[in-house]
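Remarks on the structure that follows.
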Amino acid sequence: MKEKFIRFMAGRYGADQLSRFLSFAALALIVLNLFFRSSVLWILGIAALVCVYVRMFSRNFEKRRKENEAYLRMKNKLTGGIRNWTDRRKQSEDYVFVRWPRCRAMLRVPRGKGKIRVTCRKCGNAFEKKT
Ligand SMILES: [Zn+2]
């Protein structure tokens with residue numbers, strides 16, 4: 001049985017980070033469905049599960065790899081955004097964060113220093129800010 005399975009999986013894509021995420025999402029949706037009895041949750045859960053298996057048994061490595069990369073990029077963007085936000089919250093006692101309108105760069109300005117001149121790291125423009 002085990003050998004049969006190994007032979008069956010040969011040349012197939014298998015699991016990756018996106019599959020792991022999808023199987024976790026499927027499980028979460030199906031468990032949520034137990035509490036909320038919503039057919040939408042059930043269908044989404046089953047759909048996610050089907051995606052996991054279709055991707056695992058797929059022979060189109062290139063396409064699956066691209067899907068996984070897109071997922072990882074999205075995930076990094078999201079976790080990076082959350083990390084930036086928590087960092088800024090931690091520092092907000094000592095610093096003020098301002099979005100510099102000209103180039104959209106986020107600048108960190110020390111709090112309670114009166115009127116100071118800030119030079120943007122990104123575009124080099126300076127402006128005055130009361131802190
Ligand atoms: Zn700038």
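Name the single residue, out of those in the stretch 76-106 being closer than 22 Å to residue 119 by Cα and among the aromatic types (Phe, Trp, Tyr), that is surrounded by the fewest Cβ atoms within 10 Å (Cβ to Cβ). Once the filter is applied, the top-ranked residue is 97. Restricting attention to the stretch 105-118 and to residues that are part of a strand (DSSP E or B) and hydrophobic (A, V, I, L, M, F, W, C), the residue that is nearest to the ligand (Cβ to nearest atom) turns out to be 107.
Only one entry in 90, 130 is on the phi < 0 side of the Ramachandran plot, of a type in the set (Lys, Arg) and in contact (Cβ under 8 Å) with a residue 12 or more places away in the chain, namely 130. For the stretch 81-104, a residue qualifies if it is assigned to a loop (DSSP other than H, G, I, E, B), at pLDDT 85 or above and among the hydrophobic types (A, V, I, L, M, F, W, C), and exactly one does: 103. One residue stands out in the stretch 55-75 among those that are surrounded by 13 or more Cβ atoms within 10 Å (Cβ to Cβ) and aliphatic (A, V, I, L, M): the one that is nearest to residue 128 (Cα to Cα), namely 72.
Name the single residue that is farthest from the ligand (Cβ to nearest atom) among those in the stretch 119-129 being over 17 Å from residue 92 (Cβ atoms) and assigned to a strand (DSSP E or B).
Top of the filtered list is 128.
The values are calculated or read from the model by the stated rules, or taken from the named source; none is laboratory data. Small disclaimer: the values here were computed from a predicted structure and weren't measured. In this analysis, Cβ positions are derived from the backbone assuming ideal geometry, glycine residues included, and neighbour counts consider all displayed protein chains.
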